[in-house]
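First up is the structure itself, then whatever we jot down about it.
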Amino acid sequence: MVSLQPPLTNSNTLFYSTLTPPNPFHYFPNLYPKTLNPPPPPLKPPHSLPKIQSILQYNRKPQLAGDTPRVVVITSGKGGVGKTTTTANVGLSLARLGFSVVAIDADVGLRNLDLLLGLENRVNYTVVEVLNGDCRLDQALVRDKRWSNFELLCISKPRSKLPLGFGGKALIWLVDALKDREEGVPDFILIDCPAGIDAGFITAITPANEAVLVTTPDITSLRDADRVTGLLECDGIRDIKMIVNRVRTDMIKGEDMMSVLDVQEMLGLALLGVIPEDSEVIRSTNRGYPLVLNKPPTLAGLAFEQAAWRLVEQDSMKAVMVEEEPKKRGWFSFFGG
Amino acid sequence: MASMSTIQLRLHTLPSFQRRDFPSFLEFRTELGMISSSSSSITATGCCARWNDSSTKTLKRKFAVRALSDPPPPVKGDQHNNRLQHQLFTLISHKPPIQPALNSPNPTLNLRHAVASLPTFILPKKKHFTPSFATGLCAAAAFVLFVLRSYTASKSRYSRPGSVADLVRRGQLRSDRRGISTPLKYEDPFNNPMVKIGKSNSTIEMCGKVFRLAPVTLTKDQQTIHQKRRSRAYQWKRPKVFLKEGDSIPPDVDPDTVRWIPANHPFATTASEINEDLAQHNVYQKHGVPFRIQAEHEALQRKLEALQNEQKLGKLVIDPIAAQDFERPFKSHLKPEEPAERSSSKHTNPDSARNPFLDGPASDEEEKP
């Protein structure tokens, strides 16, 4: 769940190496006016460091890497692994981090992103209406009132058919139109891809230049994920990272579930995040309130937040959680100490 | 009874009472020598009634409260103890002679005498009011019971089957915290105290749980090997053209890039109401009325103008006075029907519906940004 070097290094080196993102743009903030925070001060000797409460790289705002808008497609191949949940939570995490986000629900037949975000009553127009001239693009964008820099765009209504006469060109036009908006270029365009590799998948991946592959640690999901990764690479999308969802450390410990490292060994993809199994996901889905907005935050919400952090910096995980250890308690733990 | 105190209150010594006139003389004593046996009885004696016939002719009532704090004078036997243990309230009312007052011409004075002639009252007064512990305990218990009762009532109200909270908890109703509710955000996502690295850097504590960490072992070489494996396994070209099954492949299209869409596809269709350029223009439109809305409006406008022209021509031939009554219901019926017919025909036959919008000078203007 955290970006750590292997534990061979000492703690200070470890901390600094995690603070420094791997991208070279980190030291040139002027090149990226969207960067929210100034770059961290140059490294000082360890003894002069201020006290840091949580020794993580997430103690600062992330530095946006890459050209905007970054068009990221979130796909899996197999259905039900958490693509839409990932899109909603990562999208809102990015919005919380201060980046402007447009989430496109490209699941033509089975759209659900509006439900997860609690915006289903506000979707009046979709991309199909925009293409037909029934409304403008800005009328079809649904702005989230919780985080005003997050917008939702649905590609079609459940009972309407998407005209594929111009295929994925429509999404390319959409991205171009979003670039020319008066509000400015959005930092992220997240595309929630439908399951399978049908026409909807082909349409969704068309404008993307990077991909997030969501998978679960089971063999059916892994086979589909490998296939989809191959298709994405054939299409020219090279920046592919994966999120392993619904991980249970107790089952991994009992060798009933593949570990995250096993999954990574089979797929050979960089890890963007590991999301533990959490019953709060179902609750938040039914409430239309994404996990990352929960207070207090849950394990899965924290993991989504950290995945969003890495997505901004184009970073990947250096260490993963393997199993849960019993917490060491003090002498007075019986009394609540 | 050792803590008895003597309070002697004389009304005529208090400035606030001095201005008041009391119709009788009231004396309140705690020690009197003629108290009889009963300890709880309060005896009123009227033996000390005196009429304070002052020169000012005002009736004054003297109210004396006396309690003993100093040791009582030595009195013999049980009589003294009884005296100390009991409280005596003596009300001495000195009633002036009523008859002359009633006969007086002053009505206020009459009323005052009438009130003064009423039977005297006796105020029981305990010498010592010590707050009982039992009373306080009872009051506290009653308060606790009240709070518990209100709490259980509120709990039962929320857990009542069929209530909003119950439905939300069971998932049958979405929570009221949807959409525009205020965001729940924990304070600082950039300094998250819920995540802590252990001292040895091999553990992490998240949300109170400690997890063991393992370093990622994937290398760049392994990633490259996987990419090569996939490129060999999956030879794929992204489809560029979507054709309905049965259509012929255009000559300049690679057959590998054709995606065949069945006619009964649940959510995709190859048919389109508008052409590609117009769709692109619609997506890029930033301001103004959307294309279709404007086109429908202008088509309706043209239809209305045509109807008005027909009406003018008809007026030349038919007597307008005679025909007006027959035309109105017909026109009012016709006008709302026409746009509906146009829109329905548009949806049923896309090719025929597109042409009126694209043809003519009005539609040419609409395509301009």
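None of the figures in this text is laboratory data; all of them are computed from the coordinates on show. Not measured: the values here are computed from a predicted model. Reconstructed Cβ throughout: ideal geometry from the backbone, glycine too, with neighbour counts over all protein chains shown.
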Estimated FRET transfer efficiency (B:Cys207, A:Asp218; beta-carbon r; R0 41 Å; 0.05): 0.95
Peptide-level mean, for A:260-272, of C-beta atoms on other protein chains within 10 Å: 3
Sites B:Asp252 and A:Glu325 - FRET efficiency at Förster radius 51 Å, r taken between beta-carbons, to 0.05: 0.20
Computed FRET value (nearest 0.05) for A:Glu280 with B:Val289, which takes r as the C-beta separation and R₀ as 41 Å: 0.35
Local electrostatic count, B:Pro255, Cβ distance below 12 Å [Lys/Arg +1, Asp/Glu -1]: 0
Amide H contacts of A:Lys61 (H built 1.01 Å from N, under 5 Å, at least 5 apart or other chain): none
Average beta carbon contacts from partner chains per residue of A:282-292, 10 Å cutoff: 3
For segment B:241-319 and segment A:298-322, distance of Cα centres in Å: 47
Cβ-based net charge around A:Ala307, under 12 Å, with every Lys or Arg adding one and every Asp or Glu removing one: -1
Shielding of B:238-245 by partner chains, average beta-carbon count, 10 Å: 5
Loop-located trypsin sites (Lys or Arg not before Pro) in segment A:269-330, at most 16 other Cβ atoms within 10 Å (DSSP): A:Lys327, A:Lys328, A:Arg329
Rounded if a/c under 1.5, otherwise prolate or oblate - segment A:163-215, Cα gyration tensor axes: oblate
